[in-house]
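The values are calculated or read from the model by the stated rules, or taken from the named source; none is laboratory data. This one's a predicted model, so the numbers in the text were calculated from it and none came from an experiment. Cβ placement follows ideal geometry from the backbone for every residue including glycine, while neighbour counts extend to all protein chains displayed.
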Amino acid sequence: MSISGKTTIDWQKFADRLAPVEVLSEPVLVKKRSRDFFWYSPILNDELRRCFGDLVAVPKTSAEMAQCLKLAHEYDVPIVLRGGGTGNYGQAVPVDGGLIIETTGMKKVLEIGDGYVRVEAGALMVDINKALKETGQEMAMFPSTQDIATIGGFVAGGSVGIGSLATGALREPGNLIALKALSVEAEPQEYHFEGEDVLKIHHAWGLNGAITEVTLRTVPTRNWVAIMATFDDYRSAYAAGYAVSTSDQLEPKMASVVDARIVDYFPSLKGHVGAGRDLLAVYLPAEHVDATKAMITELGGTTDLALDDAAREQADIPHVFEFCYNHTTLQVLKSDRSATYQQVGVSDPADADAIGRLRGALGDDVWTHHEFFRLGGKVVSIDIPIIWFSNAQRLDEINQTYEAHGFPVYDAHINKVEGGGLHNANYGHLAWKKRLDPKGLLNSAKSAAWQQVKHLSAEEIEAKAVS
Ligand SMILES: Cc1cc2nc3c(=O)[nH]c(=O)nc-3n(C[C@H](O)[C@H](O)[C@H](O)COP(=O)(O)OP(=O)(O)OC[C@H]3O[C@@H](n4cnc5c(N)ncnc54)[C@H](O)[C@@H]3O)c2cc1C
């Protein structure tokens, strides 16, 4: 009866009691919904590919979501919230088996105002942006997966995206205006979080509440142009990326620098950008194209393409988003599954020479790719390199080379929220988990620290955050 092999309840009876909530119980469908994009990591692929849930529920309203949580609470079954399933670290994989709640049926755009949008958590970001465009607005930022990823998944699992070079990371003041989340109790309660309080739920990987509604910052839409420029060497492309990103006038929404060897894996750019050259991709308003081109020329580059959306579609070239963030990894993986990636910080984003020295120390199996964005108003950069995976030991050596050169690694090959970007336990998140999920049913396998604090009160857990 149990697809996961990890639970003992009667899932048919559970499904019957969930009616009229839609459920998927066919093993093939449940197994499909038990995966996300963890397979980008050969290490996570080994760890997670045989982890499955037992039943998928697809609520269409907040009341139906509450019904799913209430029943899971009654039966003591593990729960994993799932949006589009595009996370890269197995965030949405039901490691302990149990109930998967897919939110994509809760997809209404509820309200659009001047500078904000209020939506249900399962809305796809592409649909939110479509609705906003009709009012002359767009999301302040969205991930490159906007076509298939939900806003609830982005808020619970994401951090930055296209737009973060202008308006900062998702967690920065004003970007996430309000959230509603349901608790997992005998009678699920709806909690409202506003202003700074949204951080109690944001980026907690769905382990401390089921987000049902999100209010987000919007910005006026512009006539955006994608510029693709190429350079003789990576250092120059990086330096130009930093110059464009930090300029006071150009207002870029995105700037990415991609090693020429990665660009070779972008078939749709063949014949459009200089072969064998390092790429700078920038997304900015049309009125700044001439000034940007002049800056690129001055910094030794050649502008190969400058296309607004209409011209890009006519030329049959994919959106610039498909060559940035983790889409670069996807483009390479489409041709060769032995590639993987890493996430690496850059201590001094202005220091292009340090990037040059680092590249000299990294082997031929590491091809760098940088994204610029803003944190606390300052331009920062991260490296999301392609790594040709041979074994875990070599990956470790690569991580050590980065660290030895002063570039911190935010390990993309760990399936615990305390790994990766967070590095330390977030006791604030865990205190709210205790409040909203006292039985610890929500995605608990993803937090190593939860196992150590789950017996404490919410206040005792919170106190650890400041001790
Ligand atoms: C090619 C590629 C490119 C990417 N680019 C970016 C990028 O630019 N920026 C970025 O930040 N990320 C990026 N990602 C990661 C991921 O796509 C985004 O974070 C995305 O927004 C996740 O949305 P989702 O609906 O797919 O979430 P899912 O993968 O379904 O879920 C993500 C996490 O959120 C939880 N969750 C989902 N819905 C809810 C809810 N309603 N309440 C509580 N918890 C919930 C899940 O349990 C899980 O822990 C990329 C991934 C890929 C594969």
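In the set Ser41, Ser25, Ser4, Ser34, only one residue is polar (S, T, N, Q) and within 16 Å of Leu81 (Cβ to Cβ); that residue is Ser34. Here region 136-155 is the region considered, the condition is being more than 10 Å from Gly83 (Cα to Cα) and outside any loop (DSSP other than H, G, I, E, B), and the residue that is farthest from the ligand (Cβ to nearest atom) is Gln137. Here Val320 fits the description: at pLDDT below 95, within 16 Å of the ligand (Cβ to nearest atom) and aliphatic (A, V, I, L, M). For region 192-211, indicate whether the set of residues that are in contact with an Asp or Glu (Cβ under 6 Å, 6 or more places away or on another chain), farther than 28 Å from Tyr410 by Cα, modelled with pLDDT of 95 or more and not small (Gly, Ala, Ser) is non-empty. Within region 192-211, not a single residue is in contact with an Asp or Glu (Cβ under 6 Å, 6 or more places away or on another chain), farther than 28 Å from Tyr410 by Cα, modelled with pLDDT of 95 or more and not small (Gly, Ala, Ser).
Selection over region 156-183 of residues that are within 16 Å of the chain's Cα centre (by Cα), under 25 Å from Phe323 (Cβ atoms) and hydrophobic (A, V, I, L, M, F, W, C) gives a count of 5. If you scan region 255-293, which residues turn out to be part of a strand (DSSP E or B) and in contact with a strand residue (DSSP E or B) (Cβ under 6 Å, 6 or more places away or on another chain)? Answer for region 255-293, where residues must be part of a strand (DSSP E or B) and in contact with a strand residue (DSSP E or B) (Cβ under 6 Å, 6 or more places away or on another chain): Ala255, Ser256, Val257, Val258, Asp278, Leu279, Leu280, Ala281, Val282, Tyr283. Residues in region 113-132 that are outside any helix (DSSP H, G or I) and either buried (at least 18 other Cβ atoms within 10 Å of the Cβ) or touching a Ser or Thr at 6+ places or on another chain (Cβ under 7 Å) (or both): Gly115, Tyr116, Val117, Arg118, Val119, Glu120, Ala121, Gly122, Ala123, Leu124. In the set Leu430, Leu358, only one residue is in contact (Cβ under 8 Å) with a residue 12 or more places away in the chain, outside the structural domain of Tyr238 (by TED's automatic domain parsing) and not β-branched (Val, Ile, Thr); that residue is Leu430. Residues of region 338-382 being closer than 24 Å to His413 by Cα and of a type in the set (Asp, Glu), which ones? Matches in region 338-382: Asp364, Asp365, Glu371.
Within the set Thr212, Thr230, Thr246, Thr221, the sole residue that is away from the ligand (no atom under 15 Å from the Cβ) and buried (at least 22 other Cβ atoms within 10 Å of the Cβ) turns out to be Thr230.
Of all residues in region 130-144, those satisfying the criterion of being at pLDDT 95 or above and closer than 20 Å to His327 by Cα are Met139, Ala140, Met141, Phe142, Pro143.
Note on region 358-380: among residues that are part of a loop (DSSP other than H, G, I, E, B) and in contact with a strand residue (DSSP E or B) (Cβ under 7 Å, 6 or more places away or on another chain), the one that is nearest to Gly161 (Cα to Cα) is Thr368.
Rundown of residues vs (1) touching a helix residue (DSSP H, G or I) at 6+ places or on another chain (Cβ under 8 Å); (2) farther than 29 Å from Asn391 by Cα; (3) surrounded by fewer than 16 Cβ atoms within 10 Å (Cβ to Cβ), yes/no style:
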| residue | (1), (2), (3) |
| --- | --- |
| Leu284 | yes, yes, no |
| Thr292 | yes, yes, no |
| Asp309 | no, yes, yes |
| Ala315 | no, yes, yes |
| Cys324 | no, no, no |
| Asp336 | no, no, yes |
| Pro349 | yes, yes, no |
| Asp364 | no, no, yes |
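Only one entry in Gly206, Gly136, Gly168, Gly195 is on the phi > 0 side of the Ramachandran plot and crowded, with 24+ Cβ neighbours inside 10 Å, namely Gly206.
Does Val332 qualify as being surrounded by 16 or more Cβ atoms within 10 Å (Cβ to Cβ), under 27 Å from the mean Cα position of the chain (by Cα), modelled with pLDDT of 95 or more and within 16 Å of the ligand (Cβ to nearest atom)? For Val332, the condition - surrounded by 16 or more Cβ atoms within 10 Å (Cβ to Cβ), under 27 Å from the mean Cα position of the chain (by Cα), modelled with pLDDT of 95 or more and within 16 Å of the ligand (Cβ to nearest atom) - is met. Give region 274-314 a look and list any residue that's hydrophobic (A, V, I, L, M, F, W, C) and under 29 Å from the mean Cα position of the chain (by Cα), or say none. Matches in region 274-314: Leu279, Leu280, Ala281, Val282, Leu284, Ala286, Val289, Leu305, Ala306, Leu307, Ala310, Ala311. Only one entry of Glu196, Glu187, Glu172 meets the criterion of being away from the ligand (no atom under 13 Å from the Cβ), of a type outside the set (S, T, N, Q) and in a helix (DSSP H, G or I), and that entry is Glu196. For region 1-109, the strands (runs of 3 or more DSSP E) that sit wholly inside it and include 1 or more residues that are acidic (Asp, Glu) are 22-24, 99-102. Farther than 30 Å from Asp365 by Cα and modelled with pLDDT of 95 or more, is that true of Leu279? Taking the combined requirement at face value, the residue does not satisfy it. Number of residues in region 391-409 that are assigned to a helix (DSSP H, G or I) and of a type in the set (Val, Ile, Thr): the value is 2. Checking the stated criteria, Leu441 turns out not to satisfy the condition of being more than 30 Å from Ser34 (Cβ to Cβ) and either outside the structural domain of Ser41 (by TED's automatic domain parsing) or surrounded by 20 or more Cβ atoms within 10 Å (Cβ to Cβ) (or both).
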